[in-house]
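Student: Take this structure, written in structure tokens, and hold onto it; I'll ask about it next.
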Amino acid sequence: STQIQLAARPTGWPADGDFSNVRIDLSDLAAGEVRVANEFISVDPYMRGRMNDVKSYAPPYSLGETMTGGAVGRVVASASDAIKVGDVVVHQFGWRDLVQEDAAGFRVVPEVPGVPLSAYLGVLGMTALTAYVGLLDVAAFKKGDTVFVSGAAGAVGSMVGQIARLKGAKRVIGSAGSPEKVALLTEKYGFDAAFNYRDGDIAGQLAAAAPDGIDVYFDNVGGEHLEAALATLNDGGRAALCGAISIYNNTEAAAGPRNMANIIGRGLTLKGFIVGNYVQHFAEFSADMAGWLASGEVVFDETVVDGIDHAVDAFLGLMRGENTGKMVVRTHS
Ligand code: NDP
């Protein structure tokens, strides 16, 4: 099995030398084990935090540990009664082409006609669940709200905007990092307005896009975006703090929003969350999303990088914004 391991703890932006590519011979299957050929592996922003030796909700990777994370593959050998050869399974064993573990570590999923297996890492998986619970539960979205989401052309953000529209938002606004992504937001995902944060003056661009203010901010980015949202949120506004990708590779602490006092004067609620604490909503989410995909009310993009040897490139590309929708690696095992 080819596996990608963390070899050194990155300072700032990770580099190729922080990872090693190792070959591991798999033993014969023990009773209860299955062998899975991965088809797609997930690269996700939270993995950057796990490369640091800092206690967090997800424990840090150890040096010499294979990069664990979401993946989907097909069972090629089985010594388990529960899972058979040919089954499609989702798991958390991460960046490897072949994985061999006890069947209990895998979840069998159905193949949905017309939907690629990679969808289990995005629109049918963790990132879309994050959008769903973050908007509907954490931010307590209600019909008629005006919603702003940053990172809007990414895996989570593109779902937040579409779910807000489907649930009756008055207006949905998104920001992203290129003119192509901004066009996609309004033309494909149904946002009412969008802007390119790389053009600068995020607060000014947001104010122009939201003449009546915003009621909900879904934060994927942190930093200047959060400050702009705090300037624009209406009385009683709510923010779901989902991620802060603008600071993940910082080597020094980021400057805080300078307008925190708006939280007081406007009675705002800012709430951080981790999707892992909301998995009880998975069944409801899956049913809603399956319906929306079948009806075409939700559309999605994926950026596919070919080859497990390019997993690090895919991860760095994700951090630089080279993806539209979910970034995944196709393994060809
Ligand atoms: P995305 O698909 O959104 O990919 C990351 C995107 O971040 C890039 O495409 C890039 O888009 C954008 N980006 C990178 N640097 C910056 C920057 N400095 N300022 C603004 N945007 C930037 O990833 P995900 O959908 O998987 O994750 C989105 C966010 O949600 C992340 O912050 C992640 O940590 C968080 N998350 C949180 C979870 C939770 O449980 N709380 C669960 C899952 C994700 P662009 O071209 O627009 O710059």
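The values are calculated or read from the model by the stated rules, or taken from the named source; none is laboratory data. Here the structure is a predicted model, which means the values were calculated and not measured. Please note: Cβ atoms are built from the backbone with ideal geometry, for glycine as well, and neighbour counts cover all protein chains shown. Just so you know, the surface numbers come from the protein's heavy atoms only, side chains and all, with ligands and any DNA or RNA stripped out. Shrake-Rupley method; radii C 1.70, N 1.55, O 1.52, S 1.80 Å.
Student: How about the stretch 210-329: which helices (runs of 4 or more DSSP H) wholly inside it have at least 3 residues that are within 24 Å of D192 (Cβ to Cβ) and either open to solvent by less than 50 Å² (accessible area, probe 1.4 Å) or touching a residue at least 60 places away in the same chain (Cβ under 8 Å) (or both)? Write out each step before concluding.
Tutor: Details: elements: 223-232, 261-265, 282-295, 311-320.
Here the list reads 223-232, 282-295.
Student: Could you tell me whether K143 is of a type outside the set (S, T, N, Q) and free of Cβ contacts under 8 Å to residues at least 40 places away in the same chain? Steps first, please.
Tutor: Details: of a type outside the set (S, T, N, Q): yes; free of Cβ contacts under 8 Å to residues at least 40 places away in the same chain: yes.
It is true that K143 is of a type outside the set (S, T, N, Q) and free of Cβ contacts under 8 Å to residues at least 40 places away in the same chain.
Student: Does S178 qualify as being in contact with a strand residue (DSSP E or B) (Cβ under 7 Å, 6 or more places away or on another chain), within 12 Å of the ligand (Cβ to nearest atom), within 22 Å of G291 (Cα to Cα) and among the small types (G, A, S)? Explain how you work it out, then say what you get.
Tutor: Working: in contact with a strand residue (DSSP E or B) (Cβ under 7 Å, 6 or more places away or on another chain): yes; within 12 Å of the ligand (Cβ to nearest atom): yes; within 22 Å of G291 (Cα to Cα): no; among the small types (G, A, S): yes.
Spelling it out, it is not the case that S178 is in contact with a strand residue (DSSP E or B) (Cβ under 7 Å, 6 or more places away or on another chain), within 12 Å of the ligand (Cβ to nearest atom), within 22 Å of G291 (Cα to Cα) and among the small types (G, A, S).
Student: So, in the stretch 145-172, how many residues would count as being open to solvent by less than 40 Å² (accessible area, probe 1.4 Å), more than 26 Å from A290 (Cβ to Cβ) and over 19 Å from the mean Cα position of the chain (by Cα)?
Tutor: Here is the first cut: in the stretch 145-172, the ones open to solvent by less than 40 Å² (accessible area, probe 1.4 Å) are 145-164, 168-169, 172.
Filter again for more than 26 Å from A290 (Cβ to Cβ), leaving 146, 148, 150.
After this cut, where a residue has to be over 19 Å from the mean Cα position of the chain (by Cα) as well, the list is 146.
Final tally of qualifying residues: 1.
Student: Now for a separate question. Only one of V22, V99, V54 is open to solvent by less than 20 Å² (accessible area, probe 1.4 Å), more than 25 Å from A287 (Cβ to Cβ) and either among the hydrophobic types (A, V, I, L, M, F, W, C) or assigned to a loop (DSSP other than H, G, I, E, B) (or both); which?
Tutor: Just a single option satisfies the conditions, and that option is V99.
Student: Which members of the stretch 102-124 meet the condition of being open to solvent by less than 20 Å² (accessible area, probe 1.4 Å) and closer than 15 Å to V43 by Cβ?
Tutor: Matches in the stretch 102-124: S118, L121, G122.
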